[in-house]
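Novice: This is the structure I want to talk about, given as structure tokens.
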Amino acid sequence: MVSFPLRVAVVGAGYWGPNLARNFRANPEWQLVAICDLDSSRAEKLADSLGGVPVVADLDELLSNPDLDAVAIATPAHTHHPIVLKALHAGKHVVVEKPLADSRERGLEMVREADERGLVLMADHTYCYTPAVMKIRELIADGMLGEILFIDSVRINLGLIQPDVDVFWDLAPHDLSIIDFIVPGGLAASTAAAQGADPLGSGKACVGYLSLPLDGGAMAHVHVNWLSPTKIRQMVVGGTKQTLVWDDLNPQQRLSIYDRGVDLMQVSKTGADRTAATVSYRLGDTWSPALPEREALAAMTTEFAASIRDGRAPRTDGRAGLRVLSVLEAASRSLALAGAPSSIDSVSLTVEHAS
């Protein structure tokens, strides 16, 4: 029987760990009981900022605590696999920052382990819990945009060039997780085509373009770039009824809905089976939905607690993380093939839901 508040520890006190710790500390459904990091001084500094949370340097010691319900992992991606498996073996629910793992194979093992043990494995796809993305998901689900025709996403800025991954693995997980979240049925692309450039000679792609054909003839396109002097965070979702523009850097009007588009009608001509296309353009109004002001991580921590309490998969579960990893690996293969499309490994065919 799960009792509340749930007891959680944050593993990793570097860049993202303090944000997780602060939000777990502030959420009444959680009790933050420990900070764990190999750098004890860094962990103690974070713990002190939160009012004196206990610090544990040894992961095994932390996980041996029978009163600990869950762990939030904010460590480098290459460490996710061993830490998550240790936590699951210890019977703890887990939320892990993006990407879920540094390879699809390791992510798949993590998801299977959580399934077999009946534990929650959640991907911290933070953008999916922003008010703007939650609203986009709602509008699409309600049919406000009609059938999706295209998704165009731009995530560009100056730096930081990562030492261990290219620009696709660094920035595209955000966009891919959002697309997976807002499209009904998730990110169901069969191939990925990626073009990258390394004008600095850094040994990895610093500028990238990723194309994904979606079901029904739609197309998703993601542009990522470490070298742009301007920062842009924008996504356009075009539908048969309306088009949505999300500008994450415009707090006054993050979402704009345009009743503008192209209508194509097939009309008969003389003679059997002869048709021609008649094109018309809609030039309607533009409106902006009101959005609540709340921190995305607050919503994420609440969803994590709810999934444990209700015994259900969270909105961004391990399979969502796997779908993102599958696209990233296909993108890497495509880069090696000079941009030729590469097949995306299926998630649903290789992971069975726990009974």
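Novice: In the stretch 192-212, what residues are in contact with a strand residue (DSSP E or B) (Cβ under 6 Å, 6 or more places away or on another chain) and not small (G, A, S)?
Specialist: Listed by number, the residues that qualify are Q195, C206, V207, Y209, L210, L212.
Novice: Keeping to the stretch 103-125, report how many residues are within 22 Å of M300 (Cβ to Cβ) and touching a residue at least 40 places away in the same chain (Cβ under 8 Å).
Specialist: 12
Novice: Hey, among the residues in the stretch 21-57 that are free of Cβ contacts under 8 Å to residues at least 12 places away in the same chain and of a type in the set (D, E, K, R), which one's surrounded by the most Cβ atoms within 10 Å (Cβ to Cβ)?
Specialist: Among residues in the stretch 21-57 that are free of Cβ contacts under 8 Å to residues at least 12 places away in the same chain and of a type in the set (D, E, K, R), the one surrounded by the most Cβ atoms within 10 Å (Cβ to Cβ) is E44.
Novice: Taking the stretch 200-220, which residues are touching a Leu at 6+ places or on another chain (Cβ under 7 Å) and either part of a loop (DSSP other than H, G, I, E, B) or under 23 Å from I161 (Cβ atoms) (or both)?
Specialist: If the condition is that a residue be touching a Leu at 6+ places or on another chain (Cβ under 7 Å) and either part of a loop (DSSP other than H, G, I, E, B) or under 23 Å from I161 (Cβ atoms) (or both), then A205, C206, V207, A218 are the ones that fit.
Novice: Mind checking which residues of the stretch 186-199 are in a loop (DSSP other than H, G, I, E, B) and crowded, with 19+ Cβ neighbours inside 10 Å?
Specialist: Within the stretch 186-199, L187, A189 meet the criteria.
Novice: Checking R260 against (1) under 28 Å from D142 (Cβ atoms); (2) outside any strand (DSSP E or B): exactly one of these is not met. Which one?
Specialist: It is condition (2) that R260 fails.
Novice: Going through the stretch 43-94 one residue at a time, which ones are touching a Leu at 6+ places or on another chain (Cβ under 8 Å) and acidic (D, E)?
Specialist: The one that is touching a Leu at 6+ places or on another chain (Cβ under 8 Å) and acidic (D, E): D69.
Novice: Please indicate, with yes or no, whether at least one residue in the stretch 261-274 is at pLDDT 90 or above and surrounded by fewer than 18 Cβ atoms within 10 Å (Cβ to Cβ).
Specialist: no
Novice: When you go through V94, V133, V120 one by one, which is the residue that is in contact with a Pro (Cβ under 9 Å, 6 or more places away or on another chain), at pLDDT 95 or above and of a type in the set (A, V, I, L, M)?
Specialist: Criteria check complete, one pass: V120.
The values are calculated or read from the model by the stated rules, or taken from the named source; none is laboratory data. Since the structure is predicted, the reported quantities are computational estimates derived from the model, not experimental observations. Please note: Cβ atoms are built from the backbone with ideal geometry, for glycine as well, and neighbour counts cover all protein chains shown.
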